[in-house]
Amino acid sequence: MEQDQQQIRNLRDFLLVYNKMTDICFSRCASNLNYRTLTMDEESCLDSCAGKLIRSNHRLMGAYVKLMPTIVQRRLAEYEKKAGELPQAAEGTSLPEPNAPLPIQQSNLQPADTNQQAPITPPSEDIQVTASSGS
């Protein structure tokens with residue numbers, strides 16, 4: 001399943017690059033849409049454009065493959081450093097007890113309206129509901 005998803009991602013990435021390359025080269029090279037066939041100038045322009053984009057893509061991927069292991073190592077070292085700092089920071093602070101009430105900030109409290117009536121609470125008697133047949 002994971003391999004199928006990876007193949008789908010690879011195909012999607014390839015198609016995105018191919019579509020972008022086609023769009024760039026078409027907009028640069030196709031100047032006359034009056035004929036079904038390409039002119040010699042358009043054909044050489046398209047060959048040159050596609051070749052440049054493919055070569056640049058290979059160079060970028062080569063650089064990515066070379067740099068990615070060092071980037072991953074650097075990120076892993078940063079995560080390990082942060083993970084090591086968390087327990088040290090937690091030792092200096094105490095956590096509230098599980099059943100302790102949360103502190104209320106006084107600045108967020110609104111003054112009470114003295115003209116309001118107390119809320120009406122329903123009676124706490126057990127109410128039994130009986131179903132009657134309506135036929």
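Just so it is clear, none of the values below were taken in a lab; they were calculated from the coordinates. Quick caveat: nothing in here was measured; it's all calculated off a predicted structure. Neighbour counts are summed over all protein chains in view; Cβ atoms, including those assigned to glycine, are modelled from backbone coordinates with ideal geometry.
Working note: Debye formula, equal point scatterers on the alpha-carbon atoms of region 2-92, no solvent; log10 I(q)/I(0) at q = 0.12, 0.19 Å⁻¹ is -0.65, -0.98. For L67 and N10, the FRET efficiency from 1/(1 + (r/R0)^6), where r spans their Cβ atoms and R0 equals 25 Å, is about 0.80. Here the residues V17, V72, ranked from fewest to most Cβ neighbours within 10 Å of their Cβ, fall in the order V72, V17.
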